[in-house]
Each structure stands twice: as C-alpha cells, then as structure tokens.
Amino acid sequence: MISEVNEVSPVEHKKHVAGLEFLKNALELSDQNFSNLVSAVQALQVAIPSWALGTGGTRFGRFPEGGEPRSLEEKIEDVGIIRNLTRATNSVSLHIPWDIPKDVAAIQQMLHARGLVIDSVNSNTFQDQAGQPLSYKFGSLCHTSDPVRNQAIQHNIEVIEHGKSLGSKVLTVWLADGSNFPGQHNFRRAFARTQKSLEQIYKAMPADWTMLVEYKPYEPSFYSMVIPDWGTSHELCKGCGDRAHVLVDLGHHLPNTNIEQIVARLLHIGRLGGFHFNGSQYGDDDLTTGAIKPFQLFLIFHELATGASDTLVKNPPVAYMIDASHNLKDPIEDLMISLENIRTAYAKALLVDIRALEQAQHDNDVVACEQILQRAFQTDVRPIVAEARIREGGALNPLESFRSKRIRTELIAKRGRKTIATGL
Ligand code: AFD
Ligand code: MN
Ligand code: MN
C-alpha cells in the first residue's frame, strides 16, 4: 500500500528552516507577511487533467510508461498521489467520453476520500467515437450539415449531464474545427454556424455553470482554425452570454506571441475564464510547464496576480489547469514538476514591488521597471514553495518521495504494463 505519510527527516527539515529564515531576512519581511506569502502559495491549486496521467504521444508514436491508469478510478488514484505529495492540486478535469463514470457514487466516494473535486468537463468532437452515426471529419459545431452540428451539440449537452452528476460546473469547449486548404471553408459561414451551435449549448447549461471557449491557431487543422485566437473566442463568448469566457492555453499561440499581454487584456475586459499551463518551444508541444520559458511563466503570473488585485478588473476567478501530455517522462513526475514550476512562478510574481513598479512606470524609468521585475524573478523562492507543501502535510521533495517510496514500481505491480491510449 502506498504510504500516505510524508516523513521529513530532522536533518532535511533543519536545512529547510534555515533556508526559509535566510529568505525571510533577505526579503526583509515580518514573520506575519512572510507567513502570508506562504499561505498565498498554499491557496494556489491547479487542476490535473485526467488525460495527462497516461503517457501521451505524438502522431509518430507513444512510449508508454508501465503502471498507467486503465480507468477513471485509477486516474483518480494517481491524482490522489500527486495531491498527497504536492498539496498543489485539489481537482481533476475530465474528458468525455473517455472518463464516463461507470459508478458515479463510487467515483464521488473516491474523490471525497482524497480531498478532490471535479474541475471542468471537456467535450470531444475532435474524434469519431465507435458507433458514432455521423463523422466529424469535416468539423463539428461548424459543420455544413445540420445533423452533424446537432450531433456535436447533443454531445456537449451530454458532457454537461455527466459533469452535473459529479459536481462540475464548467464546460470547456475546444474545437479542432478548421480547414486544411484555401477555399475549403467560407470563413464567415463557418464562424456563424459555430456561433449558433455554441449558443444552443450555452442555453442548455445550468444557470450556475460556466462555458470556457478555448482557441488555438493551428493543429489539427493546418490552414485555418475556426477559433484561432482570443478575439474570435471573445466574440463567441459575447454571443453566448455573461457566463461564457475565453480559455487561454499557453501552447496555443504562434511563436513569440506576447501571452502575458493577452492575459492582461482579457482580465481587463472581464472575460478570462481559464488558463491551461504547459511548456511550449514551438507550438502546442504540451511539455512540462515552466521547463523552457520560466520568465514567460513569471510574466503571465505577474498579470494574473496584479489583475486579481486591480480595481480596474472585474473578472471571475480564473480556472487553472495543467494541460500537457507526457511523451518521455513519467506522467506523475512530470505533473509534479509542473505544479512546482507553477507555484514557483506565482511566488515570484507575489514578490514584485507593485508600488515601486507603478511609480517607475509613471516616471517612464524603464530600467527601474525592468529591475523591479528581475529582482522578484531572480529570487530563489523554493523554500516558500516547499513550506507551502509541508504545512499541509505534503512532501518536502515530492519527486524524491515518489522515487524513494517506489510508487511507480508499486503501480506497475498492480496495473501491469498494458496501457490504453487515451492520451491526446
Ligand atoms: C488538446 C487541445 C486543447 C484541449 C485539450 C483537451 O490542444 O489544449 O484543451 O486537448 O481537450 O491539448
Ligand atoms: Mn488546452
Ligand atoms: Mn492543447
């Protein structure tokens, strides 16, 4: 049985406390303010996507890790392991139909026993399911044929029903709809059909639900996507109503896009519904969050953190989820590294001296502005992130604990090496 207890050796704890004390003094913070900083990091919880617990793959192949989950129950088990070690997640996002529960009560019981809830439910009209009458080969909510669009609308409504049974209140719609060749789509008609389809889904949503409309500039369509950018998503959300918001996925931007400015803009207009974290070098690479561009992640959190306290901003709480797919790493290890990098970027963002930055911006003192951000970004906040974990009974070093407890070995012994390809 995988031990739930996270021992922290006296030697390790002593080193940790010394690091914490050093950082508190270096930041010249009172005990209370330093403790408040740790509490703020403790409060940051990021949803785990059910589809990331199995080894992902590319169109060129998958290299499955043994012991992967073979059912929704086992996915929840894995998220429970991540929660126990990191204390940085309390929710799971589901993908329907991959995660349709066989026994709702049993799933609810499993979630409750692990301190987990269901975050969003994600619809899937980018694949044809076995026995599906009409194909999505040429699109779903944008399709030229009414019956195909109605089938896709009905699927989303069924996704909502599954979500309701498990306590979710968020439907995330990401469409693969688009075209591969010039002339294939009438851009205006495809947009108009998509708008009408989304409005029908929106109308079917319970009054306490939110719809998140996710954009992506390319893939799996390679000439045009029906929802390629935040402006299109925003327009669709406005057409639906005030409980539809834009979902920003870090990997869904062309290279060199200023993502932090998009975050600031959507917060300003009150339509940032959610953020999917991952790592990107070129596109929707779904790599480990923060592994390649940690400064970009920090700047995104600078906007998220300052937006949350800006009187100009009237935005609902932003739903945070990791959306990555692990082709080379152990999925659980990768998700724990992502959670660490997310909390690290957030803790650094909280160190920015906002008052001094506003003054420097007002004075157009460019160097001072830059130095204020760099001072926060260059601070090693790992003791704060570790303290946020161990205060809640988490591991001082989740990766080390995961390996020393030989959790993967135990999962392989229990589940074998057979895997089902449900990863994206
Ligand atoms: C793929 C899409 C998108 C979506 C996710 C879950 O690119 O990010 O959120 O699948 O459906 O990664
Ligand atoms: Mn996504
Ligand atoms: Mn994606």
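Values in this text are rule-based calculations from the coordinates and carry no lab data. As the structure is a computational prediction, the values presented were derived from the model and not from experiment. Neighbour counts are summed over all protein chains in view; Cβ atoms, including those assigned to glycine, are modelled from backbone coordinates with ideal geometry.
Using a Gaussian network for the chain with springs between C-alpha atoms less than 10 Å apart, which of these wobbles most: Ile82, Ile153, Ile100? Checking each option, the largest mean-square fluctuation is seen for Ile100.
Each of Thr257, Thr194, Thr306 was scored by other Cβ atoms within 10 Å of its Cβ. Arranged with the fewest first, they read Thr257, Thr306, Thr194. Phi-derived couplings, Karplus 6.51 cos²θ - 1.76 cosθ + 1.60 at θ = phi - 60°, listed residue by residue for the range 204-216: 7, 6, x, 5, 9, 9, 10, 9, 10, 10, 9, 10, 6 Hz, with x used for Gly and Pro.
Comparing mean-square fluctuations of Ser30, Ser91, Ser221 from a GNM of the chain with C-alpha springs under 10 Å, the top value falls on Ser30. Considering only Arg343, Arg389, Arg70, give the residue with the highest GNM mean-square fluctuation for the chain, with springs between Cα atoms whenever their separation is below 10 Å. Looking only at Arg343, Arg389, Arg70, the biggest GNM fluctuation is shown by Arg70.
Once the Cα-Cα distance is subtracted from the 0.36 nm per residue extended length, the Asp365 to Arg62 segment shows a gain of 104.0 nm. Of all DSSP-defined beta bridges confined to the chain, some 15% are antiparallel rather than parallel. Per-residue Cβ neighbour counts within 10 Å put Phe22, Phe377 in the sequence Phe22, Phe377, beginning with the fewest. Fewest neighbouring Cβ atoms within 10 Å first, the residues Tyr218, Tyr320, Tyr136 line up as Tyr218, Tyr320, Tyr136. Charged side chains reduced to their Cβ positions (Lys and Arg at +1, Asp and Glu at -1) give the range 1-140 a dipole of some 320 debye around its Cα centre. Its Cα gyration tensor gives the range 1-144 an equivalent ellipsoid; the semi-axes, largest first and in whole Å, are 40, 19, 16.
Centre-to-centre, using Cα atoms only, the range 147-214 and the range 83-130 are separated by 20 Å.
In the range 46-345, a dipole from Cβ-located charges (positive for Lys and Arg, negative for Asp and Glu) runs towards its positive end, and of Ser93, Thr306, Ile107 it is Thr306 whose Cα lies farthest in that direction. Give the residue from Tyr136, Ser221, Ala190 lying farthest towards the positive end of the charge dipole for the range 46-345; charges sit on Cβ (+1 for Lys and Arg, -1 for Asp and Glu) and the dipole is referred to the Cα centre. The Cα lying farthest towards the positive end belongs to Ala190.
Applying 0.36 nm per residue to the separation of Asn180 and Gln127 and subtracting their alpha-carbon distance, the gain on full extension is 17.4 nm.
With K and R counted +1 and D and E -1, the other residues having a Cβ less than 10 Å from that of Asp284 yield a net charge of -4. Anisotropy class assigned to the range 128-192 is prolate, per the alpha carbon gyration tensor with a/c at or over the 1.5 cut-off and a/b larger than b/c.
Net charge dipole, the chain: roughly 800 debye, given to the nearest 20, about the Cα centre with Cβ charges of +1 for Lys and Arg and -1 for Asp and Glu. Normalised by residue number, the volume inside the convex hull of the Cα atoms of the range 362-414 is 135 Å³ per residue.
Placing +1 on the Cβ of every Lys and Arg and -1 on the Cβ of every Asp and Glu, with no other charges, gives the range 177-277 a dipole of roughly 360 debye about its Cα centre. In plain terms, the chain from Arg391 to Ser135 could stretch by 87.1 nm, reckoned as 0.36 nm per residue minus the Cα-Cα distance. If you average the C-alpha positions of the range 288-344 and of the range 17-68 separately, how far apart do those two centres end up, in angstrom? First find each Cα centre; the distance between them is then 9 Å. Seen from Met225, the other residues with C-beta closer than 12 Å to its C-beta sum to a net charge of -4, counting Lys and Arg as +1 and Asp and Glu as -1. Estimated translational diffusion coefficient (Stokes-Einstein, Kirkwood radius over Cα pairs, 4 °C, 1.567 mPa s) of the range 46-345: 66 µm² per second. Taking a straight Cα-Cα cut-off under 17 Å and skipping sequence neighbours fewer than 8 places away in the same chain, the lysines within cross-link reach of Lys414 are Lys75, Lys405. Taking a straight Cα-Cα cut-off under 19 Å and skipping sequence neighbours fewer than 8 places away in the same chain, the lysines within cross-link reach of Lys314 are Lys238. Ranking Ser120, Val318, Trp209 by how far each Cα lies toward the positive end of the dipole of the range 46-345 (charges on Cβ) leaves Trp209 at the top.
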